[in-house]
1. I'm told Arg54 meets every condition in (1) within 27 Å of Ala18 (Cα to Cα); (2) open to solvent by 40 Å² or more (accessible area, probe 1.4 Å) except one. Can you identify the failing condition by its number?
2. Pull out all pairs, ordered by first then second residue, where Cβ-Cβ is under 6 Å, the residues are six or more apart or on different chains, the first lies in region 12-41 and is more than 23 Å from Glu85 (Cβ to Cβ) and free of Cβ contacts under 8 Å to residues at least 24 places away in the same chain, and the second is open to solvent by less than 70 Å² (accessible area, probe 1.4 Å) and part of a loop (DSSP other than H, G, I, E, B).
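The values are calculated or read from the model by the stated rules, or taken from the named source; none is laboratory data. What you see is a predicted model; the values in this text were computed from it and never measured. No Cβ is skipped: glycine too gets one built from the backbone with ideal geometry, and neighbour counts run over all protein chains shown. Side chains are part of the model used for accessible areas, which takes the heavy atoms of the whole protein and leaves out ligands, DNA and RNA. Shrake-Rupley method; radii C 1.70, N 1.55, O 1.52, S 1.80 Å.
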Amino acid sequence: LTKFQAFQSFTVIDLDSAEERGGTSLSNPAEAKLALHLYNTLVQETNGLASQSRVAVITPYSQQANLLRRTFSQNLGDQYEKCIEVNTVDAFQGRE
């Protein structure tokens, strides 16, 4: 991971973009595109090694999780789920 010294197990990126409200949940298309871009960059820069592992994308909002799943599916195909797990904070809590 020496190529990605700025990225650790937990990294926050402040993206200047607008959220969209859907009922009681929120989504942000720009953040979904950024997540896709970061994943594609990770795969490219690791010569595909990242696609042989599992990557987790965690969001506090269910609407954002749905948008992320659609974004990854539309761009990487339905098989993205083999390499990428998208879910909410609540879904990940309590797991080991």
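1. (1)
2. Listed by first residue and then by second, the contacts come to Ser17/Asn28.
The rows are residues; the columns are (1) of a type in the set (A, V, I, L, M); (2) open to solvent by less than 40 Å² (accessible area, probe 1.4 Å); (3) at pLDDT 90 or above.
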{"position": "Leu49", "(1), (2), (3)": "yes, no, no"}
{"position": "Asn66", "(1), (2), (3)": "no, no, yes"}
{"position": "Arg70", "(1), (2), (3)": "no, no, yes"}
{"position": "Glu81", "(1), (2), (3)": "no, no, yes"}
{"position": "Asp90", "(1), (2), (3)": "no, no, yes"}
{"position": "Gln93", "(1), (2), (3)": "no, no, no"}
